[in-house]
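Below is one structure, written out as structure tokens, with a few remarks after it.
The values are calculated or read from the model by the stated rules, or taken from the named source; none is laboratory data. Fair warning: this is a prediction, and the values are worked out from it, not measured in the lab. Quick reminder, even Gly has a Cβ in these numbers, built from the backbone with ideal geometry, and neighbours come from all protein chains shown.
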Amino acid sequence: MPTHLIVDGYNVLAGAGNLSGPLESAREMLVRDLAAYRHRKNHLITVVFDGWQRGQPSEQRQHRAGVQIIYSKRGERADQVIQRLAREYGADCAVVSSDHEIVNSARVHGAFIMGAREFAGKLHLSSDAAGTIPYKELDSGDDARSKSGSEKKGNPRKLPKARRQRDRRLRRF
């Protein structure tokens, strides 16, 4: 089953620097980009936008091009909707946001976390570049080992285990 991707809409738009123009066109462009991403990666995608100030009395849901769009109801922030969805899906979802409150709540429920800027970069990758091997930095030749008696064991060029696990999960996106 594909991973369910929950996107904090305005957070991604702000992270990509797309909030300077008309809001409606920025939302439409994000939904179009998410639909193309869904077509490439085959993930279920839900994007959540704030409607707490000028929204409808009830939560509004739309489906366009395979992307579910949720506008929070008046008086409810998108953050609360995202936290509820992360609690509902648990480890079967990935949450895209840079909001610390959302990130911490989603992490507690086992969701994979991706920053808004990080996802914005992945969103705009072309489909032919998706299979390329990431750049690996070459050794500078400097010996970084301390000269004191205790030396660390293991491969100094190998990333920490937690980072490798995160990178492995991130490759699915």
TODO: Filter the stretch 48-76 down to residues that are modelled with pLDDT under 90 and basic (Lys, Arg) and give me whichever is farthest from residue 104 (Cα to Cα).
DONE: 54
- [ ] Please specify each residue of the stretch 5-45 satisfying the condition of being within 14 Å of residue 117 (Cβ to Cβ) and outside any helix (DSSP H, G or I).
- [x] 7, 8, 17, 18, 19
TODO: Six or more apart or on different chains, Cβ under 6 Å: which pairs go from a residue in the stretch 68-85 that's part of a helix (DSSP H, G or I) to one that's of a type in the set (Ser, Thr, Tyr)? Could you list them?
DONE: 78/72; 81/72; 83/105
